[in-house]
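> Below is a structure I'd like to ask you about.
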Amino acid sequence: MFICGKKKLKAAFTLVELLVALMVGSIVLAAAAAMASAMSSGKAATEQMNRSAAYVGQLGIRLSDAVMRAESIAARVGGVELGYSGGQTVAIYTDDTQRIVMEDSGGMTAYYSDPSQANVAISAVSPDRVTVAFDLTENGQSQTYRMTMAKRGGV
């Protein structure tokens, strides 16, 4: 259509403008995807650290209680044996799968383990103290935990 001898141009985007807009949009979407991936990895790492902290806390409470109430502590292969009044005993040791095992003379057995647990060592360091040490791997880094528990009246 001609007006006053001139051709009327329709308002539209050029091919170059569309390509530039598409490239800017792609960069923004790629940045958003990278940020979402990083946030997901951070969340998984935080959850693993929280699980490990809860495991170490629970293990410390259970083992400390058992050792504190014991009347005697004796070394045994792979761990210790705790003696209580009335002849009851509890063996605390590690098995072949790196689990910490608490087995009492009444037939009750409890297993404590974390999927990243390794190098478990349980020993009587004195007639009054027990030490439990193990490694937990979190986010590719290994952390060694060492707990020392004393029986009531122990020094």
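The values are calculated or read from the model by the stated rules, or taken from the named source; none is laboratory data. Here the structure is a predicted model, which is why all the values come from computation and not from measurement. In this analysis, Cβ positions are derived from the backbone assuming ideal geometry, glycine residues included, and neighbour counts consider all displayed protein chains. Areas reflect the complete protein model, heavy atoms only, side chains present, ligands, DNA and RNA absent. Shrake-Rupley method; radii C 1.70, N 1.55, O 1.52, S 1.80 Å.
> Sort out which residues of segment 107-119 are within 18 Å of Val80 (Cβ to Cβ), open to solvent by 60 Å² or more (accessible area, probe 1.4 Å) and not polar (S, T, N, Q), and write them in order of number.
Met108, Tyr111
> Sticking with this one: Of these, Tyr93, Tyr84, which one is surrounded by 11 or more Cβ atoms within 10 Å (Cβ to Cβ) and in contact (Cβ under 8 Å) with a residue 24 or more places away in the chain? Before you say what the answer is, go through the steps one by one.
Numbers: Tyr84 fails: in contact (Cβ under 8 Å) with a residue 24 or more places away in the chain.
When all the criteria are applied, what remains is Tyr93.
> Restricting to segment 146-155, give me the number of residues that are assigned to a strand (DSSP E or B) and open to solvent by less than 60 Å² (accessible area, probe 1.4 Å).
3
> Let me ask something else about it. Filter segment 40-64 down to residues that are at pLDDT 90 or above and open to solvent by 70 Å² or more (accessible area, probe 1.4 Å), then give me how many there are.
Total meeting the criteria: 3.
> Something else about it: So which residues in segment 79-98 are closer than 18 Å to Thr148 by Cα and modelled with pLDDT under 90, if there are any at all?
Scanning segment 79-98 gives no hits.
> Show the residue pairs that are 6+ apart or on different chains and have beta-carbon atoms under 8 Å apart, the first residue being within segment 11-36 and free of Cβ contacts under 8 Å to residues at least 12 places away in the same chain, the second being part of a helix (DSSP H, G or I).
Every condition considered, the pairs that remain are Phe13/Ala21.
> Looking for something surrounded by fewer than 15 Cβ atoms within 10 Å (Cβ to Cβ) and of a type in the set (A, V, I, L, M) - is there at least one such residue anywhere in segment 134-143?
no
> Kindly indicate the residue of segment 120-133 that is assigned to a strand (DSSP E or B) and open to solvent by 30 Å² or more (accessible area, probe 1.4 Å) and also nearest to Arg69 (Cα to Cα) among those meeting that condition. Outline the logic, then answer.
The initial filter retains those residues of segment 120-133 that are assigned to a strand (DSSP E or B), namely 120-126, 129-133.
If we keep only those that are open to solvent by 30 Å² or more (accessible area, probe 1.4 Å) as well, we get 121, 123-126, 129.
Working: Ala121: 21, Ser123: 17, Ala124: 15, Val125: 17, Ser126: 16, Arg129: 12 Å.
Per the criteria, the residue is Arg129.
> Let me ask something else about it. Test of understanding: among Ser72, Ser52, which residue is small (Gly, Ala, Ser) and under 23 Å from Thr144 (Cβ atoms)?
Ser52
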